[in-house]
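The values are calculated or read from the model by the stated rules, or taken from the named source; none is laboratory data. This is a predicted model, so every value here is computed, not measured. Here the Cβ positions follow ideal geometry from the backbone for every residue, glycine too, while neighbour counts run over all protein chains shown.
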Amino acid sequence: MKRNIGETLFDTTNVIILGLLTIATLYPFLHVAFASISSPSELAGHSGLLLFPRGIQWEAYKLVLSNNLIITGYKNTLIYVVVGTTLNIIVTSLMAYALSRRGVMLRNHVMMFIVFTMFFSGGLIPTYLMIKGLGLLNTMGAIVLPGLISTMNLIIMRTYFQSIPESLEESAKLDGAGDWVILLKIIIPLSMPVISVMILYYGVGHWNAWFNASIYLNKPELFPLQLVLRNILIGNSTDDMMVSLGVDQKGQDMSEVIKYTTIMVATIPVLLVYPFLQKYFAKGVMIGAIKG
């Protein structure tokens, strides 16, 4: 089919715009990646765009991966991600299933109260006092429990459950199945696309979380990786890191490279997970977005 000038111009403009957006999105990551393996002296003497590594070295990665705080932060973050995401999925699935059943009394009123929390909250100080009153300060529960359910994720999952034909549930009830059997053997297996999206949303949320940890935790051995990263980037603790590891002090130049390296160490694991769950994005999110 022959294309006219207008269609060709439209497609060309789209390609150019999307190409520029891709470059603008990708370059900051490439800049950090190139800087993390560049020589400190050559990086300090460079100005402008960094399009390739300058004087490749891996000493910064050795320093970062030898830091006990970073190793402990990795371990804590993995615990928070695995335990937190598991609890998130279990509780969100149970609540979404209950609110998606037509026979549940006052389900619309309950949903209104839940949606209300998206716009109004108790505030930081009341939340802190509640966490303190429950005895959760300086415990892993302070990181995992307060955000057990995300309202938006609950709405998406509830909407997906509602899209499953009711005839399947009715047939299961005729065969003597109860709600637990229906949920575990019918609803959950059919909802793996949206559950995969929820795992990614909750998992990335736990991986990137640092604010709650900075408020509720005082023990460094409980700090997640992102809080350790923040302390390194803002607290200028890179010099202390090199001294504690018995490495010759190389001044501000090496300190900057270590900061870039720490960012890469904290970012790469999440990037490796995305491709495995990306295929579920469109189906899971679009159903939650367009079906009321």
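Values for this structure:
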| quantity | calculated |
| --- | --- |
| Criterion (out of contact with any Phe, Trp or Tyr (no Cβ under 9 Å at 6 or more places or on another chain) and more than 24 Å from Leu222 (Cα to Cα)) met by exactly one of Met105, Met157, Met130, Met152 | Met105 |
| Meets criteria (part of a helix (DSSP H, G or I) and modelled with pLDDT of 90 or more) for Thr92 | yes |
| Scope the range 51-87; condition assigned to a helix (DSSP H, G or I) and in contact with a His (Cβ under 8 Å, 6 or more places away or on another chain); matching residues | Thr77, Tyr80, Val81, Gly84, Thr85 |
| Filtered residue count, the range 133-173, keeping only those that are closer than 21 Å to Val197 by Cβ, assigned to a helix (DSSP H, G or I) and under 23 Å from the mean Cα position of the chain (by Cα) | 11 |
| In the range 65-86, residue modelled with the highest pLDDT [restricted to those that are more than 12 Å from Trp207 (Cβ to Cβ) and crowded, with 16+ Cβ neighbours inside 10 Å] | Thr72 |
| Some residue of the range 198-214 being at pLDDT 85 or above, in a loop (DSSP other than H, G, I, E, B) and either within 25 Å of Tyr128 (Cβ to Cβ) or in the same structural domain as Leu148 (by TED's automatic domain parsing) (or both) | yes |
| Single condition Lys132 does not satisfy, out of (1) more than 26 Å from Ala213 (Cβ to Cβ); (2) surrounded by fewer than 16 Cβ atoms within 10 Å (Cβ to Cβ) | (1) |
